[in-house]
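Following: one structure in structure tokens, then a few remarks.
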Amino acid sequence: MTNPGFCILPKPPAASLYWKAVRGIVTKRDALRSVRTPGVLQEYKNGRGIIGALAATAWRPRDRTYEVLCYRDPSRWGTARSLDPDSVKEMDRRFPSTFNNYDYDCNRVVIAPHSPCPVLFGIRGDDATLLPAAMRTVRGELPASWLVFETNQGTDDHVLPSARLEPRTTVGVERRVSGMPRSIRGGHVIVDMGGLPAAAYEPSKGFRNTIRALRPGDRVRVVGSIRDSPRTLNIEKLLVLALADDVRKQANPLCPTCGKRAKSTGKMGAFRCARCRRLFPRSLAVVENVSRLLAPGWYEPPVGSRRHLSKPLKRLVRAS
Ligand SMILES: [Zn+2]
């Protein structure tokens, strides 16, 4: 938080301010205009923090999570944090109502920031009453103090219900996969979804294998943010609705007259017998069904590369 701000208001702004801010962009002017009663508004530096502060007061939760934030003794600020990774895994197992604690794909602790800020770590979860006990399971540097916050993390509040592909918004859309996934420089994987290229970037690690396993004709629901240029959807989550057959050519058609395998002509995938010149359409090739590596269902990137607002599948499953 480089430009903090806070507000104290007797009456919160309209809820629409929260939804605009979490799903799009709100100017400072518009945020200030939403204040309906006199109160205390305090800005620091460029003052943009006041937008988030006002939007937070406008929040009427439909879904909510909690986070216990614990703070370091000031004498430790700026020094390396020492937390026992095994105790974080233990906490993750013992408190299933918490989420995004440990990245098992990359073997790293996700609860602690890497900045020189005063926060030691934060544990997110669905049950506020269990968070202090979860916190005490973590071994290492002792927190100087702690506080439980009500938050919109892991709620998917940022996902627009409409399928309009506006840049810098996050949408959930149903699409048909229309091309083979391809890897590009930097280790990113791109797959075309009916004219919209969808991307899984390198930091999403093993999630890229899910995207690589998609085949043309698969039907998916994809949640992701729209990048303007080049117009791309950055995949946050993927629901495989239906899998297409993945067929692979095993052999060219057999010419019934000559008993020879026809050769490919290169034109529209047609084949021609080298001896009698007879043509065979592509549909006569001998194909086999390749077993699919994916099953219908939800897929998400590993903990470390998730956005804070993105609802983890753990919560999605719990809710249904
Ligand atoms: Zn022939």
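Values for this structure:
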read-out: Residue count, region 126-176 (criterion: at positive phi and of a type in the set (Asp, Glu)); value: 1
read-out: Failed item, numbered, when residue 191 is tested on (1) of a type in the set (A, V, I, L, M); (2) crowded, with 17+ Cβ neighbours inside 10 Å; (3) in a loop (DSSP other than H, G, I, E, B); value: (3)
read-out: Residue within region 178-185 that is among the polar types (S, T, N, Q), in contact (Cβ under 8 Å) with a residue 12 or more places away in the chain, crowded, with 16+ Cβ neighbours inside 10 Å and not in a loop (DSSP other than H, G, I, E, B) present; value: no
read-out: Leading residue by the ranking (most open to solvent (accessible area, probe 1.4 Å)) among those in region 262-277 that are of a type outside the set (A, V, I, L, M, F, W, C) and near the ligand (Cβ under 10 Å from one of its atoms); value: 275
read-out: Counted residues, region 242-261 - those being more than 14 Å from the ligand (Cβ to nearest atom) and surrounded by 14 or more Cβ atoms within 10 Å (Cβ to Cβ); value: 3
read-out: Residue 239 within 18 Å of residue 299 (Cα to Cα), away from the ligand (no atom under 16 Å from the Cβ) and open to solvent by 20 Å² or more (accessible area, probe 1.4 Å); value: yes
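The values are calculated or read from the model by the stated rules, or taken from the named source; none is laboratory data. All values derive from a computational prediction rather than experimental measurement. When we count neighbours, we look across all protein chains shown, and the Cβ atoms used for this are built from the backbone with ideal geometry, even at glycine. Each accessible area value is taken on the protein alone, full model and side chains, heavy atoms only, with ligands, DNA and RNA left out. Shrake-Rupley method; radii C 1.70, N 1.55, O 1.52, S 1.80 Å.
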